Amino acid sequence: MSVMFDCLANARDSGASDPLDREAALIRRAFELAAEQPYGFTFEDLEHVEAYRMRPATAVTALDCVASLTDGRRFHLSHVAGPQLSESVKVTQMMTTEPLPSGRSRFWIDDVAELNHRLGLPLIPPPPVPVILPLPARQ
């Protein structure tokens, strides 16, 4: 399921000098555009970004991210902006076990703890390590 939404505003230059701040700003902008779509989610529904990638281009800014929402849904957001383009985001709902999408750039960044922190999301602790206790001695 995909829906395309175009907006007149252009967020190509987010004003951030740090690349991670710029990517966080682009993800926030993608969520702003996605909020206008019929899926019914906003940035406040974001639990965490699972992975993201910047697609190389000279005059066009293109960012993809896979996000998990607080209600358990997953989405792939593909945000594109440029001086000759109207800004758009394509939103595709994903299955919970579906792998990351492929495409021109297959290199997803999945070390996203710092990005999620810059987005203001709580840190997700690693799952607890199971403790195996010895069995009591037989008598």
Take the residues of the range 89-104 that are closer than 18 Å to VAL49 by Cα and part of a loop (DSSP other than H, G, I, E, B): which is modelled with the highest pLDDT?
-> MET95
Among what's in the range 38-56 and is without any contact (Cβ under 8 Å) to a residue 60 or more places away in the chain and touching a strand residue (DSSP E or B) at 6+ places or on another chain (Cβ under 8 Å), pick the residue that is surrounded by the most Cβ atoms within 10 Å (Cβ to Cβ).
-> ARG53
For the range 69-89, does any single residue satisfy the condition of being in contact (Cβ under 8 Å) with a residue 60 or more places away in the chain and aromatic (Phe, Trp, Tyr)?
-> no
What is the residue count in the range 111-137 for residues that are at pLDDT below 90 and surrounded by 12 or more Cβ atoms within 10 Å (Cβ to Cβ)?
-> 2
Kindly provide the set of residues from the range 6-53 that are in a strand (DSSP E or B) and at pLDDT 85 or above, ordered by number.
-> LEU46, GLU47, HIS48, VAL49, GLU50, ALA51, TYR52, ARG53
Over the range 59-88, the set of residues in a loop (DSSP other than H, G, I, E, B), surrounded by 15 or more Cβ atoms within 10 Å (Cβ to Cβ) and touching a Lys or Arg at 6+ places or on another chain (Cβ under 9 Å) is none
Might you check whether a residue that is out of contact with any Asp or Glu (no Cβ under 7 Å at 6 or more places or on another chain), modelled with pLDDT under 85 and farther than 15 Å from ILE27 by Cα occurs anywhere in the range 71-80?
-> no
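The values are calculated or read from the model by the stated rules, or taken from the named source; none is laboratory data. What you are looking at is a predicted structure, and each value in this text was computed from that prediction instead of being measured. Cβ sites come from the backbone with ideal geometry, for glycine too, and all protein chains shown count toward neighbours.
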